[in-house]
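The values are calculated or read from the model by the stated rules, or taken from the named source; none is laboratory data. Just so it is clear, the structure is predicted and the values come from calculations on it, not from any experiment. Ideal geometry is used to build each Cβ from the backbone, glycine not excepted, and the neighbour counts take in all protein chains shown. Accessible surface is based on the protein model in full, side chains and every heavy atom, while ligands, DNA and RNA are left aside. Shrake-Rupley method; radii C 1.70, N 1.55, O 1.52, S 1.80 Å.
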Amino acid sequence: MNLSTLPRLRTAAVAIALTLSVAACGGGSGSSEAASPAAGGGDASPAAGGEGGSADGELISVGFSQVGAESGWRAANTQSIQETLTEENGFELSFSDAQQQQQNQIQAIRTYIAQGVDVIAFSPVVESGWDAVLEEAAAADIPVVLTDRAVDTQNEDLYVSFIGSDFVEEGRRAGQWVSEELGTEPINVVELQGTTGSAPANDRKAGFEEAIADNDNVTITASQTGNFTRAEGRQVMEGFLQSEGAENIDVLYAHNDDMGLGAIEAIEAAGLVPGEDIKIVTIDAVRDGMQALADGKINFIVECNPLLGPDLAQIITDVVNGVPVDKRIVVEDESFTQEQAIEALPDRQY
Ligand code: GYE
């Protein structure tokens, strides 16, 4: 495993196994109950050096169902997973892209169950509707790890661990910035939501609304999904400019960089200056977003770290080897102003 690509995550297990990463990391974050060890058994610890591999030296077979390829964030996330869950590191990875369709993910998970993989991992496109297929995995004794996005279930025993960012907190930070920096006078905000029903769309909306709730100057005047893509971000922003009138839009809050970047195209096509005529706040901090922030076209970005591969590898290894894992592992995120983006850009990994 390449330690230099470790994200700034913290879990007890990872902190112990990957002591080297700790120096580079910030303060610790969440994690609560420990999950009971899942299938696999055995009391051996993970292979030395943080590499994967089951206790008996066999490759660990992993079925991973990815959401899609909708954004720069997703591309970086896929790359991190594929570069980490390699044979060299002790894994045999089956990877599938669900093209943002829940039905495709359910099918992929059923295929992995039929194949009898050691562990299934997936990033659920939407929050609800997973219980049936997760029960099938449980019946087959295959542990499931959630990465990036949560599921909405009454039965949390249906997965062993969930690693991902705190999306409510991300939305809150975006809302706080808007409220404090721009909400000193009355402003109208239009909102580009992520994929309808997805955890990041639900949570980033809720967090933002919470943060602006006590500032009467800040009003969300229009809110619509742009499905986390650049093309739909542009299209929906064109609609906002028409329905609201450009002069009535002070701020755009986009749930990810890509939709913000699409919206910038629409704003420029309308003869306006993004970042000035319409202020823009987004979430992710992927390279293209950070470049637009450094160029003054975006005003503030809350980070969402996509480099989940190394920690996912560690969780999977622990689960297979019967080492307890945390039920919830929270990824730490930063945020960036324009000045901070200029400074951070040269060292960005994604
Ligand atoms: O912010 C967005 C992607 O689930 C955190 O999905 C992820 C989100 C990310 O499409 O760009």
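Length available on full extension from T184 to A140: 0.36 nm per residue minus the Cα-Cα distance, which gives 10.2 nm. Across the alpha-carbon atoms of segment 237-350, the computed radius of gyration and Dmax are 18.1, 60 angstrom. Of the GluC sites (Glu not before Pro) in segment 250-287, which ones lie in a loop per DSSP and count no more than 14 other C-beta atoms within 10 Å? Within segment 250-287, the qualifying GluC sites (Glu not before Pro) (loop, at most 14 other Cβ atoms within 10 Å) are E276. How far is the Cα center of segment 170-209 from the Cα center of segment 218-244, in Å? Cα centroid to Cα centroid, the span is 13 Å.
Of R328, R74, the residue with the largest accessible area leads and the full order is R328, R74 (1.4 Å probe).
For segment 167-303, calculate the relative contact order in percent as a whole number, restricting contacts to Cα pairs under 8 Å that are 6 or more residues apart. Once divided by the residue count of segment 167-303, the mean separation gives 25 percent. Which of L308, Q291, H255 sits farthest toward the positive end of the charge dipole of segment 244-312, with +1 on the Cβ of Lys and Arg and -1 on the Cβ of Asp and Glu? Projecting each Cα onto the dipole axis, the largest value belongs to L308. Annotation: peptides 77-87, 212-222, ranked by per-residue average of other Cβ atoms within 10 Å with the highest first, follow the order 77-87, 212-222. In this structure E156 has an accessible area near 90 Å², from a 1.4 Å probe over the protein heavy atoms.
Computed on the Cα atoms alone, the convex hull of segment 167-303 gives a volume of 86 cubic angstrom per residue. Phi angles across segment 337-350 convert, under the Karplus curve 6.51 cos²θ - 1.76 cosθ + 1.60 with θ = phi - 60°, into 3J(HN,Hα) values of 8, 4, 5, 5, 5, 4, 5, 7, 3, x, 9, 5, 8, 8 Hz, Gly and Pro given as x.
Annotation: amide H of Q99 within the under-5 Å range of G68, A69, sequence separation 5 or more or interchain, hydrogens built in the peptide plane.
Bridgeable lysines around K279 (alpha carbons under 21 Å apart, same-chain partners fewer than 8 residues away excluded): K205, K297.
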